Structures are given as C-alpha cells and as structure tokens.
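One structure is given here, and the rest of the page talks about it.
Read-outs throughout are calculated quantities, based only on the coordinates presented, and are distinct from any laboratory measurement. This structure is a prediction, so every number in the text was calculated from the model and none was measured. Reconstructed Cβ throughout: ideal geometry from the backbone, glycine too, with neighbour counts over all protein chains shown.
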Amino acid sequence: MKLTLKLKTIDDIERELSIIVACEKKQKADVTLTQVYDFLAESIELSIQRIGVANKISTVNKLLGKYKFAKLISKGAYTKASQIPGFPSKDLGDTESALLRLKTSLTAFKLHSGPFAEHSVFGELDKKQWERIHGILAMFLFGYIQLYGDEKLRFAKERELKKEKAFADKKHHHHHQQQKKKDDHDTKPSGHNNRKWKNKKKTHHKGNKNQGGGSR
C-alpha cells in the first residue's frame, strides 16, 4: 500500500495519533484499530523492557542485521521484502484499552534514557535508531486506517496554518531584534562622544594655584 506519512520521531507518532483519534475513520483490509494500537504499543514496550535479554545471533546474522537496518532506514518504509513478523496480532476487541496502552508506551519511551533492548533482526540499537524503527512501523500500521477526507484535510490545513504562524512570529521577532540593534547603533556615537568629552583632561585655569605643574 502507498505510504505518504513521514514519521521520524515519537512526537511525530503522537501528533498523527491525535489526528487519527479525532477523525472519523474506518479500517482497511482485515486489520482493526485495536490490532494497530496493540501491535505498535507492544513493539515500543519491548524496546525498553527486554533490556539484558540477548538474542542468540551469529556474527554473520549480526552483520546481515546491520545491513537490513541500513536498507530499511534508507528506504524509509517496510516493503514486501521486509514485512513485519507476527502481524497482525489477535484482536482483543477493546480499542480504548489498546489506545491507552499505546499512549502510555509512547510516554514511557520518551522518558527512558537507556539502555535499550536488542532488536530480534537488527541487533543492538540506540534510542535514536529505535525511534526511527518505531516511526517506520507506525507509518506502516497507520496505513491500515482510512481517515475521511474532510476531517483529514481540516487537520492538515490547521497544521499548515500553525507552521505559517510560527514562521511569521519568528520572522517578526528577528526583524524586531535587527531594528533594536540598528537603533542602539544610531545612538551609540553620541553617547560615546559624550563619554570622551567627560574623560578629557581639564584645561587648567590661571586661577589654579599650581596650574597643573605639581607642587612648587
């Protein structure tokens, strides 16, 4: 199936999930929302819970795993040659519980600083690498959810408006800072000259007792 999402971080997954939750939707193929939420949550949980559980992978398979990981990251999506083992899992029929589990796992991952579990295929991964794996997996799984056009477009439009507003605010702030620097620069010479004038050696008047010549 064609994938148009680009989810690279946990924050990206959370934002897309919030849109899915708010929109009217229906399932594609024979995969339910519960299966999508549960499977993604399980993957995230395993990345931070199976710490210390070493997979029995030979040296050749470790090298092969690194190659497969690099290929997946380069492609940015699962293909027929790199499908997800074990999916779909059994539908337990409780979508709200599955959604809560997914949200909890996303938060737990963000708070977890390490160490991280080994991947069953790709081997040892750090947080950033696991995050990319979860993003690609989420992109694949969310592809099974069909959002209705109007709602999806509304959220996309709101997202673009927020980006435009943030850019305009940043541009306005930059212009304000530049103007402030210009104003400071314009007033600096006058103040600088005044300080020079104050620091000038005073002229000695005839009325001075020693007229600057020191004690006599």
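Students often check this: by mean Cβ neighbours within 10 Å, which of 30-40, 113-123 ranks highest, and how do the rest follow?
On the way: 30-40: 20.5, 113-123: 16.5.
Going by the mean number of other Cβ atoms within 10 Å, highest first, we get 30-40, 113-123.
The calculated FRET efficiency for the pair Lys28 and Ser113, based on their C-beta separation and a Förster distance of 35 Å, comes to about 0.45.
Do any of Lys26/Lys90; Lys26/Lys165; Lys26/Lys71 go past 30 Å between their Cα atoms, and which? Don't jump to the answer; show the numbers that get you there.
Working: Lys26/Lys90 18 Å; Lys26/Lys165 32 Å; Lys26/Lys71 32 Å.
Result: Lys26/Lys165; Lys26/Lys71 exceed 30 Å.
Using mean Cβ contacts within 10 Å as the protection proxy, how do 6-14, 132-140 order, highest first?
Numbers: 6-14: 17.3, 132-140: 21.2.
Final packing ranking: 132-140, 6-14.
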